[in-house]
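The values are calculated or read from the model by the stated rules, or taken from the named source; none is laboratory data. Every value quoted in this text rests on a predicted model; they were computed, and no experiment measured them. Positions of Cβ are generated from backbone atoms using ideal geometry, with glycine treated the same way; all protein chains shown enter the neighbour counts.
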Amino acid sequence: MHQTLLVTLLDDVAMSAESATAGYQESLDHLPGGALLGAAAAGGYGDRAWDLFHSGELRFGPGYPLSPSGLPTLPVPLAFHRPKLSSDHQVFNLSRDRPQGVQLEQLRRGFMDRDCNLVQVEHQASLRTALGADGRARDAFLFPLDALRAGTRFAARIWSGHQDLLDRAVQALLGEIRLGRSRNTEFGRARVELSPELDAEMDRLMETGKGNGNARIYFMSDAALRDPSTGALLLWPEAAALGLEAASPDPQYSFIRTRCYSHFNGFRQRPELERQVIRAGSVLALVGDLPADVLAGGIGEDRARGLGQVLVNPWFLEPRSLKLVPAGRQVVQQVAMPKGPVGAWLTRKLRERGLDERAYRLGREWAQELSRWGRPMRAQWGEVRTLAGRIPQTAELRTALFDSEKGYLATGVGKLRARWGASRGGETLAQAFERMFERGASDLPDPWLARAVQVAASRMARLAARDRGNRGEA
């Protein structure tokens, strides 16, 4: 038995993707099931609390965004790849077949609905300052905060084998709830409603196919698996951990990614131990077929928080390729702009907010593409970020970065010049960065192009630091 809920964000909601307490905090693109479980416990913790929130009889699934047409979505499978530098919307399902003679890139973000629309979630970035005991801003405690934008709608499903428990959990969630970070201040308000229409559409989205002889397991949510014999965490799904005997994993056609995070315990006021999970959207290929309902109850640990929800042979992993068309924005109800000085001020602020979002989104796109060339040291990207923060004017920043005689990439990178000169497809990392900068200069005015450079440099510095840590360097 299940119910599907419509969750509408009344305020921006910050759902931190990582457990770090310093630096830039990127938000998840969805509402974790654990956040909905916590909101239900806050509104209905009392009689039968153990059965509702601790026994595992209820499973609070994650909330995924609605498409602009109001349809529920699921994370894009990591098996989906598209041709590089192509305007065509065709994507290839590499869990079934690998086309020859085509250079492909993986779709690592986004959601898809039943009509094969590709949905991206809008974020809102802002700067915040920590407060001291006296209520005043603390020196040197300015930090950026990324959040899901107010007005965004999500569909979340709750499962239970007991109708009475399901009804009580739904009633505890209906109405206004609070989610995410800073939810006791200006963030986190959301409205929850029942939606029978979404429930029917979710069933349609989760339809399964025949498998064609070899099963494909799609991770609809993150999954935490353990080796049943040793108790060790598993970041590669094994048949024993899935409770399967009739099929074995096929690494050649599987696409698995992982992430790590820590739950924040509100009672103890500190993070719990770090958890490593297989990311939603991962695809596990099996040699041999499986019944569609064999894993209907989920896999692994923490299923009450929505982890371990999987689909066996979903319809979208049956074809070898399909068309995945980018969708527009969700429609958010607008109000009339007041006239006079207040209206002019609001209009200016809305324009600046739109430019902030474009700069942030552009910087993320740059970092995603630049990461394919290799990653110079963290200090190099840190200097690029410092230059962009000190020189907001596009023309001066172009000279400071790319000038052949006095630009930083020509004279300041020192012994790491070879890394900036790493070639890919006949283009070096430095040339690719300059190409993106010139393209952005035609779209973003001062100082927002410099902000895009800061976002890209910050993300690249973090990736470089992570690579260095994985290699075990001091």
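Brief remarks follow.
The rows are residues; the columns are (1) surrounded by 12 or more Cβ atoms within 10 Å (Cβ to Cβ); (2) in contact with a helix residue (DSSP H, G or I) (Cβ under 9 Å, 6 or more places away or on another chain); (3) on the phi > 0 side of the Ramachandran plot.
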site	(1), (2), (3)
Gln106	yes, no, no
Asp113	yes, yes, no
Cys116	yes, yes, yes
Val119	yes, no, no
His123	yes, yes, no
Ala133	no, no, no
Arg138	yes, no, no
Ala147	yes, no, no
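- Within the stretch 153-196, tally of residues that are of a type in the set (S, T, N, Q) and more than 26 Å from the chain's Cα centre (by Cα): 3
- The single condition among (1) over 22 Å from Leu449 (Cβ atoms); (2) modelled with pLDDT under 85; (3) surrounded by 11 or more Cβ atoms within 10 Å (Cβ to Cβ) that Gly340 does not satisfy is (3).
- Residues being closer than 11 Å to Leu71 by Cβ and out of contact with any Asp or Glu (no Cβ under 8 Å at 6 or more places or on another chain) - total across the stretch 201-212: 3
- If only residues of the stretch 236-286 that are in a strand (DSSP E or B) and of a type in the set (Gly, Ala, Ser) are counted, the one that is nearest to the chain's Cα centre (by Cα) is Ala285.
- Within the stretch 206-245, the set of residues being charged (D, E, K, R) and surrounded by 13 or more Cβ atoms within 10 Å (Cβ to Cβ) comprises Glu207, Arg216, Asp222, Arg226, Glu238.
- Residue within the stretch 225-235 that is in contact with a helix residue (DSSP H, G or I) (Cβ under 9 Å, 6 or more places away or on another chain) and charged (D, E, K, R) present: yes
- For the stretch 175-232, the tally of residues that are β-branched (Val, Ile, Thr) and within 22 Å of Ala147 (Cβ to Cβ) stands at 3.
- In the stretch 342-367, the residues that are farther than 13 Å from Gly440 by Cα form Cβ pairs under 6 Å with partners that are among the aliphatic types (A, V, I, L, M), at six or more places apart or across chains, as follows: Gly343/Met337; Ala367/Ala456; Ala367/Met460.
- Scan the stretch 39-51 for residues that are part of a helix (DSSP H, G or I), among the small types (Gly, Ala, Ser) and over 26 Å from the mean Cα position of the chain (by Cα) and the total you get is 3.
- Subset of the stretch 164-187 (residues that are among the acidic types (Asp, Glu) and in contact (Cβ under 8 Å) with a residue 60 or more places away in the chain): Glu176, Glu186
- The number of residues in the stretch 20-38 being modelled with pLDDT of 90 or more, of a type in the set (A, V, I, L, M, F, W, C) and either more than 17 Å from Arg189 (Cα to Cα) or in a helix (DSSP H, G or I) (or both) comes to 3.
- Residue satisfying all of: in the stretch 67-85; under 18 Å from the mean Cα position of the chain (by Cα) and assigned to a strand (DSSP E or B); farthest from Asp222 (Cα to Cα) among these: His81
- Any chance Asp88 is assigned to a loop (DSSP other than H, G, I, E, B), more than 17 Å from the chain's Cα centre (by Cα), within 21 Å of Glu365 (Cα to Cα) and not assigned by TED's automatic domain parsing to the domain that holds Ala40: yes
- Filtered residues of the stretch 186-223 (kept if more than 16 Å from His30 (Cα to Cα) and of a type in the set (Ser, Thr, Tyr)): Ser195, Thr208, Tyr218
- On inspection, Arg178 does not qualify as modelled with pLDDT of 85 or more and in the same structural domain as Leu78 (by TED's automatic domain parsing).
- Test: residue in the stretch 59-66 that is assigned to a loop (DSSP other than H, G, I, E, B) and out of contact with any Asp or Glu (no Cβ under 7 Å at 6 or more places or on another chain): yes
- Checked against the criteria, Thr185 counts as polar (S, T, N, Q), in a loop (DSSP other than H, G, I, E, B) and assigned by TED's automatic domain parsing to the domain that holds Leu66.
- Odd one out for Glu197 among (1) surrounded by 18 or more Cβ atoms within 10 Å (Cβ to Cβ); (2) within 24 Å of Cys116 (Cβ to Cβ); (3) of a type outside the set (Gly, Ala, Ser): (1)
- Sole exception among (1) small (Gly, Ala, Ser); (2) within 26 Å of the chain's Cα centre (by Cα); (3) modelled with pLDDT of 80 or more for Gly374, by number: (3)
- Any chance Leu6 is among the hydrophobic types (A, V, I, L, M, F, W, C), within 19 Å of Ala190 (Cβ to Cβ), assigned to a strand (DSSP E or B) and in the same structural domain as Thr152 (by TED's automatic domain parsing): yes
- Just one of the numbered conditions (1) touching an Asp or Glu at 6+ places or on another chain (Cβ under 6 Å); (2) modelled with pLDDT of 90 or more is not true of Ala452: (1).
- Scanning the stretch 135-166 for residues that are under 30 Å from Glu197 (Cβ atoms) and not in a strand (DSSP E or B) yields Arg149, Ala150, Gly151, Thr152, Gly161, His162, Gln163, Asp164, Leu165, Leu166.
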